[in-house]
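Just so it is clear, none of the values below were taken in a lab; they were calculated from the coordinates. From a predicted model like this one, the values you see are computed outputs, not experimental measurements. No Cβ is skipped: glycine too gets one built from the backbone with ideal geometry, and neighbour counts run over all protein chains shown.
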Amino acid sequence: MKLSELRPQSKNKQELRWTIGEIKDLDTNAFNNANSIFYSCNTGTPIENGTSFAQEWSNITGGKTVAAVGQTTYRHINAFDIRREGSRMLYKKLRESVGGYSVPFPAFRRPVLGSGARWKTFKPKPQN
């Protein structure tokens, strides 16, 4: 299931900007201890009443969530491995075969933590 499918009220299915308040509106019965990882900046950083996006997500889904406390960077996700001869050409051919850059395509690497950031694992907390 795509994350955008969890927002049926959205007129734009590509809109994935969520707030903690919107997470709390999700149906907890739609998840069965789902484990998640978020690579977006500050998804594990406490913001509202000492909680974070990742903590609230974990509370709703019932599973563990790994998220960044601090900034992440997407700088090298499409960097080529120059040790592999032809990797740039192969990537170009693959991109062209699926319709160019206007079509979603897997990155070579995942985003990484920025300077001073860290990963944190969140577990569901009992609801009051």
**Message:** At a 10 angstrom cut-off on C-beta neighbours, averaged per residue, how do the peptides 59-72, 24-37 rank from highest to lowest?
**Reply:** 59-72, 24-37
**Message:** In the range 31-49, whose amide N lies under 18 Å from the spot 7 Å out along Cα-to-Cβ of residue 109? List them in ranges.
**Reply:** 39-41
